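The values are calculated or read from the model by the stated rules, or taken from the named source; none is laboratory data. No experiment lies behind these values; they were computed from the predicted model shown. Because the Cβ atoms are built from the backbone with ideal geometry, glycine has one as well, and the counts that use them run over all protein chains shown.
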Amino acid sequence: MPPPNTPEEGMPAQGSLPRRISGEVFPERTRRPRPRVPTPPTSAPATVPPPAPSSVPRPPSGRASPTSDDPNADNILAIDHQALEYTDPVDETLQCPICRTPFYKPVTTKTCGHTFCSPCLHRALELQPVCPIDRQPIDKSRDLGQTRVILDQLDRLKVKCPNKGCDHISSRDRLAAHYERYCDYTLVRCPDANCTMAIARMDAKPDAGCLHKDSECQYCNKTVVIADLEAHYDNDCSGHTAKCPHCSAIVVRHRMEKHIANDCPEAEIPCKSHTYGCPFRNKRRLIEQHEQNGCIHATIGKLAMGRLEDRMMINDLKNRIASLDARVRRTEQRQATVPSIPSTIPGSRASFVAGGNGASDFIPDLDDLRAGAAGMAPGPAGAGSPEDYMLAQFERMESQMEDLRKMVRDMDGHHSMRLLNDTMVLNDQITELTGKVNVLNMHTTWLMGIQRRELQMRAAGGAAGGEAHGGPRPGPSSANPNSGGGVSLAGSSSADGSGNGGGGGHSSRERSGSISGLSVSQRQHQHGEGMVPSLGMGLGQGRGENPPRL
Amino acid sequence: MASQKRISKELADCTENPPQGMRISLPNDSDLHKWHVTLEGPSQSAYSGGTFGLFVTLPPDYPFKTPQITFSTRIYHPNVTNDATGSICLGLLKPEQWKPATRIRSVLEAIRSLLVEPNPDDPLEARIADEYKNDRKEFEKNAKTYVTRYAKGTPKFEAVPAAAAGGSDGVGDSSTGRRAN
């Protein structure tokens with residue numbers, strides 16, 4: 001779509017390699033005066049080094065010397081990386097903000113961390129030594145570096161081979177190898193050492209000579225390079241089409257022979273069966289009729305073909321028989337050596353399996369088996385193999401069985417171990433929980449006791465003193481006259497076995513905390529020693545402060 | 001090659017997903033370096049209802065050199081020359097401020113916002129800038145008159161900017177000249 005010869009061709013020429021694959025000329029070669037004729041077919045007319053000063057012979061840049069006689073070495077034009085086509089859309093972050101293509105030789109600025117293609121950045125720096133994104137000053141020699149991650153990501157991108165006609169796809173890092181070494185479409189230097197032109201590798205045969213010599217078009221008398229003749233005939237030649245002499249269709253001239261030989265309906269051709277002797281010759285469209293109407297030679301041809309096929313099949317079968325024969329002979333030979341082996345193995349097995357039975361008892365059985373097997377399967381397997389096979393099978397199964405047995409045993413052990421482990425923990429937990437439940441039970445009974453006593457107390461106090469306590473929280477003074485009763489109650493609750501009287505005296509939240517903190521064994525320990533004093537204290541406190549409520 | 005690829009990418013981006021109120025077309029399909037942009041006057045500005053044509057000329061060594069953008073439709077604006085040249089004074093477009101990483105899209109967007117908010121402190125037309133600063137009503141009236149006179153219907157791109165070929169240097173010249181007046 002872009003115009004083939006735009007002035008901005010000047011860009012790649014600055015100091016870098018000629019980065020164009022469609023370019024046809026190797027500029028560093030001594031140039032031969034050539035008539036100005038459009039060179040390769042599709043691309044630009046020899047537009048090589050643009051009118052920029054860079055068209056002056058460049059310093060040797062590692063490219064081929066003009067005298068190099070190896071046609072493949074470094075005679076190849078470099079790949080234009082910016083024109084590469086990628087199979088998948090490339091992420092925006094991997095594209096150079098200047099050329100908007102995936103980075104080629106990426107460089108990252110050390111001052112501001114922006115990444116560009118090396119050629120793009122250097123071009124921009126030539127105009128202004130600042131970052132093309134944020135205009136931070138950049139010193140070419142100090143402030144540029146490479147980022148490994150970016151390079152790796154770029155290497156993994158899939159690209160199409162830049163050569164027209166080649167549909168090879170590879171990762172970007174391997175493209176150069178394909179392009180430079182293997183691709184048949186890569187333009188290489190013309191095998192003629194004096195020629196500066198390029199030619200597709202498949203056409204550049206050392207003995208083909210220079211294909212860039214001029215030749216005259218046989219129709220229009222124009223001078224055309226040999227390599228381009230084909231394209232010239234197809235496209236440019238003023239007389240490139242002609243009327244077919246038979247069917248008067250317009251055909252590209254140099255394809256006329258092909259047309260007449262394969263397509264033209266009016267051209268005279270022989271009947272397809274002429275190899276079987278049919279003398280009929282006529283125009284192509286009539287030939288078809290002739291064949292449909294039943295060319296006798298066609299029938300003969302069919303028969304002949306059938307016979308040919310038969311013969312081929314026979315040959316094929318013969319070959320197969322021969323190979324089978326050879327195989328049978330081979331197995332027979334092997335069989336002759338085999339019988340000694342089974343007789344040793346069954347012997348050992350017989351003593352192993354049957355214990356008392358001798359080897360001599362076992363071998364006849366095996367012989368029977370062998371005879372039976374041979375009778376059943378007279379195939380090429382040989383007579384020694386059935387028992388071998390069965391023995392092997394038996395042995396294998398036995399070992400498998402043994403394996404399985406072991407596995408089951410292992411599993412069993414494993415399983416019971418696990419069960420034991422699990423239940424042990426559970427048992428522990430259960431005992432702990434029962435302990436806790438017991439404690440809670442005791443608490444409730446104790447608290448109920450207190451409640452009951454308090455109610456009794458209130459009833460008694462109301463009756464005796466006529467002092468009324470309306471509120472739900474009786475004051476401490478109200479309990480004082482009945483302190484004796486409280487002590488006796490404490491005694492009774494201790495007889496209940498409540499070990500947590502101390503906790504019971506405090507506020508309910510505190511109490512629950514202390515309970516959950518105790519383990520069964522601790523509690524038992526407490527039962528023995530600290531029970532009475534703590535209970536007494538707890539009761540005292542309980543009387544002094546608010547009585548606990550459920 | 002590099003610039004071809006970039007320009008075609010930018011063009012594809014701008015045609016598929018055009019900047020607000022704009023339409024991009026190529027006068028000549030084989031020349032990617034000349035664009036015609038049709039810009040609707042932003043509704044919140046004095047130019048609403050108008051349709052303006054913009055020439056975009058990309059130099060051969062774009063993106064390293066500044067693109068040239070001019071109005072093909074006359075417009076009454078402090079930062080655009082009040083003649084057939086239609087040069088624009090925009091910081092982004094000054095050669096010394098141009099950054100190769102800037103895209104045409106963002107330049108076009110900057111021009112559109114220049115219509116919404118003229119920059120009278122860096123004018124090309126000092127008189128219009130004064131008017132904009134001191135007599136906004138008069139400015140808007142004049143701008144609307146220009147819109148009805150020049151910016152109705154589809155914009156014409158006939159006046160191929162021969163003067164614009166003089167480049168952005170010309171912009172600087174005309175601005176100083178006008179300020180002297």
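The criterion of being in contact with a helix residue (DSSP H, G or I) (Cβ under 8 Å, 6 or more places away or on another chain) and of a type in the set (G, A, S) does not hold for A:S118. The single condition among (1) in a loop (DSSP other than H, G, I, E, B); (2) in contact with a Phe, Trp or Tyr (Cβ under 7 Å, 6 or more places away or on another chain) that B:L54 does not satisfy is (1).
Which residues, taken from the range A:150-208, are without any contact (Cβ under 8 Å) to a residue 60 or more places away in the chain, within 20 Å of A:D88 (Cβ to Cβ), surrounded by fewer than 21 Cβ atoms within 10 Å (Cβ to Cβ) and not hydroxyl-bearing (S, T, Y)? Result: A:I150, A:L151, A:D152, A:Q153, A:D155, A:R156, A:C166, A:D167, A:H168, A:D173, A:R174, A:H178. Residues in the range B:1-27 that are in a loop (DSSP other than H, G, I, E, B) and facing chain A (nearest Cβ under 10 Å): B:M1 only.
Considering the conditions (1) within 14 Å of chain A (Cβ to nearest Cβ); (2) under 21 Å from B:S45 (Cβ atoms), B:A126 is excluded by exactly one of them, (1). Checking each residue in the range B:46-85 for being within 14 Å of chain A (Cβ to nearest Cβ) and crowded, with 20+ Cβ neighbours inside 10 Å picks out B:L58, B:Y62, B:P63, B:F64, B:T66, B:P67.
Yes or no, residue by residue, for (1) over 48 Å from the mean Cα position of the chain (by Cα); (2) assigned to a helix (DSSP H, G or I); (3) modelled with pLDDT under 95; (4) charged (D, E, K, R):
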| residue | (1), (2), (3), (4) |
| --- | --- |
| A:Y389 | no, yes, yes, no |
| A:Q393 | no, yes, yes, no |
| A:Q400 | no, yes, yes, no |
| A:D422 | no, yes, yes, yes |
| A:M448 | yes, yes, yes, no |
| A:L455 | yes, yes, yes, no |
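What tally of residues in the range A:245-270 results from selecting those that are under 17 Å from A:I287 (Cβ atoms) and either among the aliphatic types (A, V, I, L, M) or over 53 Å from the mean Cα position of the chain (by Cα) (or both)?
The initial filter retains those residues of the range A:245-270 that are under 17 Å from A:I287 (Cβ atoms), namely A:246-247, A:259-270.
Pick out the ones that are also either among the aliphatic types (A, V, I, L, M) or over 53 Å from the mean Cα position of the chain (by Cα) (or both) and you get A:246-247, A:260-261, A:265-270.
Qualifying residue count for the region: 10.
Residues in the range B:28-45 that are among the acidic types (D, E) and either free of Cβ contacts under 8 Å to residues at least 12 places away in the same chain or within 14 Å of chain A (Cβ to nearest Cβ) (or both): B:D29, B:D31.
Scanning the range A:105-138 for residues that are closer than 22 Å to A:D155 by Cβ, in contact (Cβ under 8 Å) with a residue 24 or more places away in the chain and facing chain B (nearest Cβ under 10 Å) turns up A:C117, A:P119, A:C120.
Within the range A:301-311, identify whether any single residue is in contact with a strand residue (DSSP E or B) (Cβ under 9 Å, 6 or more places away or on another chain) and surrounded by 12 or more Cβ atoms within 10 Å (Cβ to Cβ), and answer yes or no.
Let us first name the residues in the range A:301-311 that are in contact with a strand residue (DSSP E or B) (Cβ under 9 Å, 6 or more places away or on another chain), namely none.
Scanning the range A:301-311, I find no residue that is in contact with a strand residue (DSSP E or B) (Cβ under 9 Å, 6 or more places away or on another chain) and surrounded by 12 or more Cβ atoms within 10 Å (Cβ to Cβ), so the answer is no.
Those helices (runs of 4 or more DSSP H) of the range B:70-181 in which 1 or more residues are at pLDDT 85 or above and among the β-branched types (V, I, T) occupy B:104-116, B:126-134, B:136-150.
If the requirement is being at pLDDT 85 or above, of a type in the set (S, T, N, Q) and surrounded by 17 or more Cβ atoms within 10 Å (Cβ to Cβ), which of these qualifies: A:T108, A:T93?
Numbers: A:T93 fails: surrounded by 17 or more Cβ atoms within 10 Å (Cβ to Cβ).
Going through A:T108, A:T93 in turn, the sole match is A:T108.
Looking at the range A:134-210, the strands (runs of 3 or more DSSP E) lying wholly inside it that each contain 2 or more residues that are closer than 30 Å to A:L121 by Cα and under 28 Å from the mean Cα position of the chain (by Cα) sit at A:158-160, A:169-171.
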